[in-house]
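The values are calculated or read from the model by the stated rules, or taken from the named source; none is laboratory data. Quick caveat: nothing in here was measured; it's all calculated off a predicted structure. Glycine gets a Cβ as well: all are built from the backbone with ideal geometry, and neighbour counts include every protein chain shown.
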Amino acid sequence: GAVIGILGGGQLGRMLSVAAARLGFRCHVFEPGAEPPAGDVAWRTTTAPYEDEIALRAFAASVDVVTYEFENVPARALDLIESLVPIRPGRRALATSQDRLTEKTFLRNLGLAVAPFAPVDDPASLRAALEEIGTPAILKTRRLGYDGKGQARLSGPQDVEAALAAMAGAPAILEGFVDFTAEVSVIAARGVSGEVAAYDPGENVHEGGILRTTTVPSSLDAGRRTDAVLLAARILNALDHVGVLGVELFVTPGGLVVNEIAPRVHNSGHWTQTGCVIDQFEQHVRAVAGWPLGDGTRHSDVVMENLIGDDMDRVPDLAASGAALHLYGKAEARPGRKMGHANRVTGPAG
Ligand code: ATP
Ligand code: MG
Ligand code: MG
């Protein structure tokens, strides 16, 4: 049978591996970390940093297609892998989403609403950007940020020095603060032949920059729900994407504003494991393997709650509560670390 290569062995790689196994595929996970979550469900490369050409070649030679659980795979590693085996989703999705400046420019060029933004490389460009955008604003590193890391909020010019210090010299982007009433996301997939399937948008609540809960259905009205799904389809088509993509959106009185995209399965799509016949992980595997996409219809209303750090203390209670538990098998429950999630059905889909 075919073998799917997965770059990254965290919880997303783990859940992709489980879904792939259900469809009869084997997975080979490329993961430099010791004892990664995916390691106990898939065959994995033990020690293999992304600069190690021999390890990358051996990995690529052992699989039929490569996908990934995180978008920050170094370009040189991708070049090497791509010379041996297809990467899905492709390079355009990766290049676009690896850098917030490229990403925002791409979205704006598609005609989608984004927060006002400007590149920041030094104190002078930050001052110029602040003059143009005003405050409140958020300074973010262009690359490698997640869970709100690499971000600094500015409420006025007095915050310039602290914000620049938080970037530690890395290229950054200043974004105007979007006054949103809610955050939602669309998880959608595109197949090899260009068909698109989208899940119902979920409503997201963040705490301290980290996703706390996703609730379906969201509070969006029917028109906005359609807007959200159509906008995701436009992004998928423009990227010639194959696989699942997550689109994070701000809901404002003036319409939907795109925050960021992720060319992969997404934390805010974990509810699909309980709310849909075919969840986002199986959907991604189907797309990457060239299978027909599954139907994204939601059969149940669900609240997904992330279990972060010592939320793990609640696992015995949750286990008795009827929620579907997904635990990632991480040894140490550090503060801010995603340890698992619980999906609670709140009723049949209305
Ligand atoms: P993720 O873990 O989702 O990849 P991230 O580190 O890439 O997160 P963002 O999604 O850019 O960070 O921001 C995290 C959260 O901070 C957003 O979900 C939103 O709540 C808030 N936020 C980010 N940018 C803005 C903005 N321009 N205006 C208002 N709120 C914002
Ligand atoms: Mg992000
Ligand atoms: Mg985000």
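Would you say residue 169 is more than 16 Å from ligand 3 (Cβ to nearest atom) and not assigned by TED's automatic domain parsing to the domain that holds residue 252? Against the criterion (more than 16 Å from ligand 3 (Cβ to nearest atom) and not assigned by TED's automatic domain parsing to the domain that holds residue 252), residue 169 qualifies.
Here is a yes/no grid of residues against (1) in contact with a strand residue (DSSP E or B) (Cβ under 6 Å, 6 or more places away or on another chain); (2) closer than 14 Å to residue 11 by Cβ; (3) among the hydrophobic types (A, V, I, L, M, F, W, C); (4) not assigned by TED's automatic domain parsing to the domain that holds residue 274:
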residue: 296; (1), (2), (3), (4): yes, no, no, no
residue: 299; (1), (2), (3), (4): no, no, no, no
residue: 302; (1), (2), (3), (4): yes, no, yes, no
residue: 312; (1), (2), (3), (4): yes, yes, yes, no
residue: 315; (1), (2), (3), (4): no, no, yes, no
residue: 337; (1), (2), (3), (4): no, yes, no, no
residue: 344; (1), (2), (3), (4): yes, no, no, no
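Residues in the stretch 29-63 that are of a type in the set (D, E, K, R), outside any helix (DSSP H, G or I) and within 24 Å of residue 86 (Cβ to Cβ): 31, 44, 51, 52. Considering only residues that are touching a residue at least 12 places away in the same chain (Cβ under 8 Å) and of a type in the set (Val, Ile, Thr), look in the stretch 16-50 and name the one that is farthest from residue 341 (Cα to Cα). By that ranking, first place goes to 47. Does the stretch 9-25 include one or more residues that are modelled with pLDDT of 95 or more and aromatic (Phe, Trp, Tyr)? Checked the stretch 9-25: at least one residue is modelled with pLDDT of 95 or more and aromatic (Phe, Trp, Tyr). For the stretch 175-208, the candidate set comprises residues that are away from ligand 1 (no atom under 11 Å from the Cβ), among the small types (Gly, Ala, Ser) and not in a strand (DSSP E or B); within that set, the residue that is nearest to the chain's Cα centre (by Cα) is 191. Among residues of the stretch 137-162 that are within 14 Å of residue 209 (Cα to Cα), those with a Cβ under 7 angstrom from a residue that is within 11 Å of ligand 1 (Cβ to nearest atom) and among the β-branched types (Val, Ile, Thr), sequence gap 6+ or separate chain, pair up as 140/173; 147/210; 148/210; 150/141; 151/138; 153/138.
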